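K.L.:
Pasting in a structure now, in C-alpha cells, and then I'll have a few things to ask.
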Amino acid sequence: MIEAQLGRFGDKRLACVGGALLAAMQRKRTLCVHRLAKDRNQAIQFGRFLANRAVTTHEMVVTTGRLTGQHAVGRHVLAIMDTTDLRFPTHEASKRGFGRDANDTCPGLFLHPVLAVDAGNGGVIGLVECVVLNRTDGKVGDHKKRAADDKESRRWLHGAEITGDRLAQAAAITMVGDRESDIYDLFARRPANVHLLCRSAHPRATATGDLLPEHCAGLPEAGRMTIEVPPKGKQKARQATVTVRFGAIELKRPAGAGAQARSVALWVVDVSEVDPPQGVEPLHWRLLTTHSVTTFADACQIVAWYRMRWTIEQVFRSLKSHGLDIEASQMEEAGGFLKLAVVALIAAVRAMQLVLARDGTTGQPITDAVAPAEMTALRQLNATLEGRTAKLKNPHDESHLAWYAWIVARLGGWSGYTSRGYKPPGPKTMHHGLIQVDHILLGWHLAIRSADVRLR
C-alpha cells in the first residue's frame with residue numbers, strides 16, 4: 001500500500017509521510033513542497049521528512065528495486081541505463097551543497113537510473129537503481145590516469161552489479177546503454193548473469209590489428225531493414241532504411257584499462273543509413289554485445305533491443321519539462337533535493353509504465369502494477385467509469401496492464417474516446433489518475449479491515 005511505496009525508514013510515521021509525499025507529487029506534478037502539501041502542517045511534515053537523516057535515497061531505490069525484482073522473475077529484462085543532468089542556471093545564489101553542471105556553468109547534479117523493461121514487449125517493469133552524482137569539487141580532470149573504480153564512469157559498473165543482484169531471478173538480463181557505456185572494464189568485469197549491449201563510442205583496436213570502424217566496414221552486408229528514428233532536438237521522428245552488418249570481434253585492452261583481461265570477445269552489429277534526407281546526419285550505430293549474433297535475425301533483434309533504450313529518454317522528459325518540471329525546484333539544500341528527486345523519478349517511472357501500456361501493444365500482465373487482492377475493487381471501479389456506448393467501454397482484458405491503464409486514465413480526466421481528433425492519455429493524465437486510484441484502493445482496504453474487525 002501507499003505507506004510502503006518509498007520505504008519504511010525504521011519508523012511507521014516516516015513511511016506514511018513518504019507515501020503521502022509520493023502521492024501528492026503524482027497528483028500535483030511539482031517539486032515545490034508547499035504546493036505539494038494540503039496545508040501548512042503537511043508542508044512542515046514533508047520538510048522534516050526530507051531533512052531526516054533516517055530517510056535516505058538508498059532505501060528508496062532498494063525498496064522500489066526489490067519490487068521490480070519480484071515482477072521480473074522468469075522474464076528477459078533489458079536493464080536500460082543513462083545519465084541525465086539537472087541544471088539550475090537561475091539559482092546560482094540560492095543553491096547550497098549543489099555541485100556543478102556538465103560544463104561547470106551553474107549549479108547542477110546528475111541522475112543515473114537503471115530502468116527495467118521487458119525485452120519481449122517493451123513494457124516498463126520498474127526502477128532498479130539510481131546513482132546520484134553531485135560534483136561538489138567540480139569536474140575532475142585527467143580521467144585517463146585514474147583507476148576504473150575511481151572514475152565517475154564507475155556508475156555503469158555499479159549499475160550492472162546491482163542489476164545482476166536485484167534481478168537475479170530474471171530469466172535473462174541485458175544491460176543496454178548509449179555511447180557513454182562503451183567502457184572496456186564494463187565488458188571485462190560484467191556479472192556472469194548480465195549480458196551487455198552498448199553503442200560504440202571509440203575506434204577501439206582489435207586483436208587482428210585494425211580499428212573497429214575499419215573492421216566493420218569490411219564486414220559483408222547481411223541485409224537491410226527499416227527502423228523508426230525517434231525525434232531529437234528540432235528533428236522530427238522519421239523512418240530510416242539501414243544496412244546491417246555483423247560479426248564476431250575481439251577488442252584489445254586499452255592502455256588505461258584496469259581490467260586484467262588482455263582482450264574481450266564480443267559481437268558487433270553495424271547499422272548504417274542508406275540515402276538519408278538532405279541536411280540530416282545519417283544514422284550510424286556500431287552496437288557491441290555479449291549476445292551471440294550469427295544470423296540476420298539475431299542482428300535485427302539486437303537493433304530492436306537497442307531501440308528500446310528510447311524508453312528511458314521518455315522517462316527523463318516526464319521528469320523534466322514535459323512532466324514534473326524538476327529543474328524548476330526552489331529547494332535550496334542539496335540533501336533534501338536529492339531525496340525529492342528520487343521520489344520524482346519513481347513517480348515518473350510509474351506514470352510512464354501506464355503510458356506505454358495504454359493501447360495494449362505491450363501485452364503486459366496487470367500484476368506488474370496491481371496486487372491480486374485489489375482486483376475486486378478495480379472491477380467495481382471499472383464498471384462505474386464505463387459509459388453506455390461501446391466506445392466508452394474498457395476494451396482491454398482485465399488480465400492486461402492496459403485494462404488498468406484505461407481505468408487510471410479515466411480517473412485522471414481522459415474522455416475515453418480514441419477516434420481521430422482525441423489525444424491518448426499522457427504522463428500528466430496518468431499522474432492525476434494514479435493518485436485517485438491509490439486513494440480509492442486505500443479506502444477499499446480500510447473498509448475490508450473494518451468489516452473483519454466487526455465480524456470478530
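The values are calculated or read from the model by the stated rules, or taken from the named source; none is laboratory data. A quick note: this is a predicted structure, and the numbers were derived from the prediction, not measured. Virtual Cβ from ideal backbone geometry, glycine too; neighbours counted across all protein chains shown. Note: accessible area is taken over every heavy atom of the protein model, side chains too, but ligands, DNA and RNA are not part of it. Shrake-Rupley method; radii C 1.70, N 1.55, O 1.52, S 1.80 Å.
K.L.:
If DNA, RNA and ligands are ignored and the probe is 1.4 Å, what is the ranking of T241, T206, T83, T384 by accessible area, most exposed first? Don't skip to the end; give the middle numbers.
P.N.:
Values: T241 60, T206 5, T83 30, T384 105 Å².
Largest to smallest exposure gives the sequence T384, T241, T83, T206.
K.L.:
Something else about it: Express the accessible area of the chain per residue in Å², computed with a 1.4 Å probe while the remaining protein chains stay in the model.
P.N.:
I get 48 Å² per residue for the chain.
K.L.:
In addition: Modelled label-to-label distance, D275 and S450, 7 Å Cα→beta-carbon offset: nm?
P.N.:
6.9
K.L.:
Among T63, H284, H202, pick out the residue whose Cα is farthest towards the positive end of the charge dipole of the chain, where Lys and Arg carry +1 and Asp and Glu carry -1 on C-beta, about the Cα centre.
P.N.:
So the residue we want is T63.
K.L.:
Related question: How long is the gain from H158 to L283 if the chain were fully straight, where each residue apart is worth 0.36 nm and the alpha carbon distance is subtracted?
P.N.:
Difference between extended and current length: 42.0 nm.
K.L.:
Continuing with the same structure: Of K320/K423; K38/K339; K12/K151, which ones are farther than 30 Å apart at the Cα?
P.N.:
Check vs 30 Å cut-off fails for K12/K151.
K.L.:
Magnitude of the Cβ-charge dipole of the chain, K/R +1 and D/E -1, about the Cα centre, nearest 20 debye? Display every interim value, and only then the final one.
P.N.:
Numbers: 59 positive and 45 negative charges, 263 e Å.
So the magnitude is around 1260 debye.
K.L.:
Under a point-charge model restricted to the Cβ atoms of Lys and Arg (+1) and Asp and Glu (-1), what is the dipole moment magnitude of the stretch 57-111 relative to its Cα centre, in debye to the nearest 20?
P.N.:
For this selection, approximately 180 debye.
K.L.:
Could you calculate the contour length gain from A297 to Q235, that is, 0.36 nm times the residue separation minus the distance between their Cα atoms, to one decimal place in nm?
P.N.:
That pair, A297 and Q235, stretches by 19.4 nm at full extension.
K.L.:
If one computes P(r) from the Cα atoms of the stretch 1-109, what percent of pairs lie at distances over 23 Å?
P.N.:
46
K.L.:
Only Cα pairs under 8 Å and at least 6 apart count here; give the relative contact order of the stretch 17-156 as a rounded whole percent. Walk me through the numbers on the way to the answer.
P.N.:
Numbers: 188 pairs, mean separation 27.0, N = 140.
It comes to 19 percent, rounded to a whole number.
K.L.:
Quick one: order E273, E92, E152 from most to least accessible surface, probe 1.4 Å.
P.N.:
I get E92, E152, E273, largest accessible area first.
K.L.:
Students sometimes get this wrong: rank S292, S329, S153 by accessible area, probe 1.4 Å, all chains present, largest first.
P.N.:
S292, S153, S329
K.L.:
Something else about it: Across every pair of different alpha-carbon atoms, what Kirkwood hydrodynamic radius in Å does the stretch 388-456 reach? List each step's numbers first, then the result.
P.N.:
Details: mean 1/r = 0.0730 Å⁻¹.
Value: 13.7 Å, from the Cα pair sum.
K.L.:
Of [x] 78, 54, 47; [y] 57, 52, 51; [z] 66, 47, 46, which is the value of Cα extents along the principal axes in Å derived from the coordinates here?
P.N.:
Recomputing Cα extents along the principal axes in Å here gives the entry labelled [x].
K.L.:
Can I ask one more? Membrane-span-like helices in the chain: DSSP H runs reaching 20 Å or more (Cα, own axis), mean Kyte hydropathy at least -1.0?
P.N.:
12-28, 57-71, 334-357, 427-455
K.L.:
Could you work out the relative contact order of the chain? I mean the mean sequence separation of Cα pairs under 8 Å and 6+ apart, divided by the number of residues, in percent.
P.N.:
The normalised contact order for the chain reaches 15 percent.
K.L.:
Dipole of the chain (Lys/Arg Cβ +1, Asp/Glu Cβ -1, origin at the Cα centre): which of A43, H431, I162 lies farthest to the positive side?
P.N.:
The Cα lying farthest towards the positive end belongs to A43.
K.L.:
Taking 0.36 nm per residue of separation and subtracting the Cα-Cα distance, what length does fully extending R317 through R262 add?
P.N.:
15.8 nm
K.L.:
In the chain, what percent of the accessible surface is made up of carbon and sulfur (1.4 Å probe, ligands and nucleic acids excluded)?
P.N.:
That share works out to 50 percent.
K.L.:
For the stretch 308-456, just list the percent of Cα-Cα distances falling in each 10 Å bin from zero outward, please.
P.N.:
Result, from short to long distances: 10, 35, 31, 17, 5, 0 percent.
K.L.:
Further question on the same structure: Which residue, chosen from Q330, A348, W310, occupies the Cα position most advanced towards the positive end of the dipole of the stretch 310-375, where the dipole is computed from +1 (Lys, Arg) and -1 (Asp, Glu) charges on Cβ about the Cα centre?
P.N.:
Result: W310, furthest along the dipole toward the positive end.
K.L.:
Here's another thing I want to ask about it. With a point put 7 Å past each Cα toward its Cβ, work out how far D137 is from H439 in nm, to one decimal.
P.N.:
For the pair D137/H439, the computed spacing is 4.8 nm.
K.L.:
Now, a different point. Rounded, prolate or oblate: which fits the stretch 39-175, taking a ≥ b ≥ c as square roots of the Cα gyration tensor eigenvalues, rounded meaning a/c under 1.5, else prolate when a/b beats b/c?
P.N.:
Oblate.
K.L.:
Accessible area of M430, 1.4 Å probe, to the nearest 10 Å²?
P.N.:
Ignoring ligands and nucleic acids, M430 comes out at about 0 Å².
K.L.:
R0 = 56 Å: FRET efficiency of R379 with A207, Cβ-based, nearest 0.05? Don't skip to the end; give the middle numbers.
P.N.:
Values: r = 60 Å, r/R0 = 1.08.
My answer for the efficiency is 0.40.
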